[in-house]
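Colleague: Dumping the structure here so I can ask a few things about it.
The values are calculated or read from the model by the stated rules, or taken from the named source; none is laboratory data. All of these numbers come straight from a predicted model, not from anything done at the bench. Cβ atoms come from the backbone with ideal geometry, glycine included; neighbour counts cover every protein chain shown.
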Amino acid sequence: MTIVGNLEFLFKNVRYKLLRVKDEYYLLDMDRLAWSIVFPFIYWFVPHPVYRIDEATYEKLKVPGEKRRSIMSAVLFITGVSIPLGRFLGFISDRYLVPIPNVFTMVMFIVFIAISICGRLYVHCSSKRKINNTIRLDTTPKRSIKIRPTIVGFIKAFYMYFLFLGICLLGGYLYIEFKDFLAGVSFAVLLCVCLLTNTAIIPEGSVKVTYLKDTDQILYQERH
């Protein structure tokens, strides 16, 4: 049976999401499938174990209302200054930076990719450490579900993924084409952000939840 639930983001933790279905509360690990980083849409079609939590823990972990407003303000501010800032950096690059040799360009291209991957792995591990400071996941009961966004969520997810992917590919192309170190740094940042899109592939808001086989007994057997 499919039930409509509500998905919320955690405060200062991109890996996990909060799920409320009627009077039940769960914690969802968006990084459980490592290969979903490369193809995040697979998350919509496979079952996931979710951690059962109580209402107090749910309220403690979710983003406070005032913080949510400040985050939105920051996003709007960054969006507003991105175009003039990009033009200014382009001017600085054209005026002061010297194109770099082809061999060094490719070496640095690999280095930028490695830095982005390391940054992504750091987010993966640090997010788990943060949540374990609040909840012992290895002793928390679990339940198996399938979760999908609504039609609006599908549209948001596709738009977000292909937008960041397109910008990332454009950044990589500009770096290789113009051999500009500043473009390479921008590519590394964009790639790291693109690798995080799997954590938001199910947008915040209404979601469709299907309960599968309860895994509480399996978890009990594993602990004993």
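Colleague: Grab the strands (runs of 3 or more DSSP E) fully contained in the range 1-90, keeping just those with 2 or more residues being at pLDDT 90 or above, of a type in the set (D, E) and surrounded by 13 or more Cβ atoms within 10 Å (Cβ to Cβ).
Modeller: Working: elements: 2-10, 13-21, 24-29, 48-53.
Those strands (runs of 3 or more DSSP E) span 24-29.
Colleague: Tally time: how many residues in the range 7-31 are charged (D, E, K, R), more than 12 Å from I147 (Cβ to Cβ) and within 14 Å of the chain's Cα centre (by Cα)?
Modeller: 4
Colleague: If we only count helices (runs of 4 or more DSSP H) wholly inside the range 113-224, which ones have 1 or more residues that are modelled with pLDDT of 90 or more and over 23 Å from L18 (Cα atoms)? If you could, list the steps in order and put the result at the bottom.
Modeller: Values: elements: 151-178, 181-194, 216-223.
The qualifying helices (runs of 4 or more DSSP H) are 151-178, 181-194.
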